[in-house]
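The values are calculated or read from the model by the stated rules, or taken from the named source; none is laboratory data. Computed from a prediction, not measured in an experiment: that's the story for all the values here. Quick reminder, even Gly has a Cβ in these numbers, built from the backbone with ideal geometry, and neighbours come from all protein chains shown.
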Amino acid sequence: MKRILLPIIILLAMCAGVVMYVLKSNVSTSEECCLVVNTPEEALAALKAGNERYVSGTPIHPRCDMERVQATAPHQAPFAAVVGCSDSRVPVELVFDQGVGDIFVIRTAGNNVNNDVVMGSIDYAVEHLGVKVLLVMGHGSCGGVTSAISNGEEQGAIGNLLEAISNDIPECMHKIEDLDNAIRYHAHVQVERILSSPHIMEKIEKGELLIKRAYYDVHSGRVTIDG
Ligand SMILES: [Zn+2]
């Protein structure tokens with residue numbers, strides 16, 4: 001009897017393995033090449049889902065092959081724009097597990113948007129590329145914000161950069177023990193600044209764009225949507 005049962009059990013286990021593999025392949029293939037984003041809410045959901053994969057250690061690195069490179073060569077149509085810090089620990093496409101042509105990324109040290117070059121880039125993403133969600137993302141242990149609230153003596157372009165960040169954070173928050181609050185408040189000010197663009201407000205009022213403030217935890221890899 002045992003002689004008969006053992007091959008049957010092995011056969012059943014193999015069949016189950018094949019079924020699981022096929023199911024898994026179908027899910028990842030669909031997610032990898034066919035992301036459909038019709039609304040701002042779906043765009044935000046796609047970013048959240050990608051970050052969840054990243055945090056849980058199961059990224060699928062979608063839409064990163066040469067087929068995608070060639071498909072996006074004629075034009076881009078990203079579904080999201082992210083204003084983030086240049087910090088090497090916050091690689092936007094990896095953090096959200098997205099691919100080529102998915103996210104229009106604007107990165108500066110400290111993610112401050114108080115100049116026309118950055119604001120022009122944001123306007124371009126919204127007006128001409130039609131992104132559906134725009135995130136302003138600060139992050140823990142941000143060196144730009146840390147330096148800005150430490151009242152250092154940097155000169156030249158670095159001094160100007162730190163002054164721009166510092167000016168957007170109230171004096172009472174210029175304390176290292178308050179760093180996380182300062183980082184979040186600074187991102188909030190950038191969102192308010194972006195909202196001063198009439199083109200962007202119009203898109204939001206029409207329901208064509210969501211703008212959110214986010215915070216990236218450099219320890220866990222998790223992005224929290226703050227507001
Ligand atoms: Zn930073």
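Would you mind stating whether residue 56 is within 30 Å of residue 161 (Cα to Cα), exposed (fewer than 13 other Cβ atoms within 10 Å of the Cβ), at pLDDT 95 or above and in the same structural domain as residue 126 (by TED's automatic domain parsing)? Considered against the rule, which asks whether it is within 30 Å of residue 161 (Cα to Cα), exposed (fewer than 13 other Cβ atoms within 10 Å of the Cβ), at pLDDT 95 or above and in the same structural domain as residue 126 (by TED's automatic domain parsing), residue 56 comes out as no.
So that you can scan it fast, the table gives a plain yes or no per residue for (1) touching a Gly at 6+ places or on another chain (Cβ under 7 Å); (2) part of a loop (DSSP other than H, G, I, E, B); (3) within 21 Å of residue 192 (Cα to Cα):
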position: 74; (1), (2), (3): no, yes, no
position: 83; (1), (2), (3): no, no, yes
position: 89; (1), (2), (3): no, yes, no
position: 112; (1), (2), (3): no, yes, yes
position: 118; (1), (2), (3): no, no, yes
position: 121; (1), (2), (3): no, no, yes
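Within the stretch 93-106, the set of residues being in contact (Cβ under 8 Å) with a residue 24 or more places away in the chain and under 19 Å from residue 132 (Cα atoms) comprises 95, 96, 97, 98, 99, 100, 101, 102, 103, 104, 105, 106.
Being buried (at least 16 other Cβ atoms within 10 Å of the Cβ), under 17 Å from the mean Cα position of the chain (by Cα) and in contact (Cβ under 8 Å) with a residue 12 or more places away in the chain holds for only one residue in 173, 119, 137, and it is 137. Within the bounds of the stretch 122-135, is there any residue that is more than 26 Å from residue 33 (Cα to Cα) and either within 16 Å of the ligand (Cβ to nearest atom) or touching a strand residue (DSSP E or B) at 6+ places or on another chain (Cβ under 7 Å) (or both)? Looking through the stretch 122-135, at least one residue is more than 26 Å from residue 33 (Cα to Cα) and either within 16 Å of the ligand (Cβ to nearest atom) or touching a strand residue (DSSP E or B) at 6+ places or on another chain (Cβ under 7 Å) (or both).
Filtering the stretch 133-168 to residues that are farther than 30 Å from residue 208 by Cα, out of contact with any Leu (no Cβ under 8 Å at 6 or more places or on another chain) and either among the β-branched types (Val, Ile, Thr) or not assigned by TED's automatic domain parsing to the domain that holds residue 90 (or both) leaves only 158.
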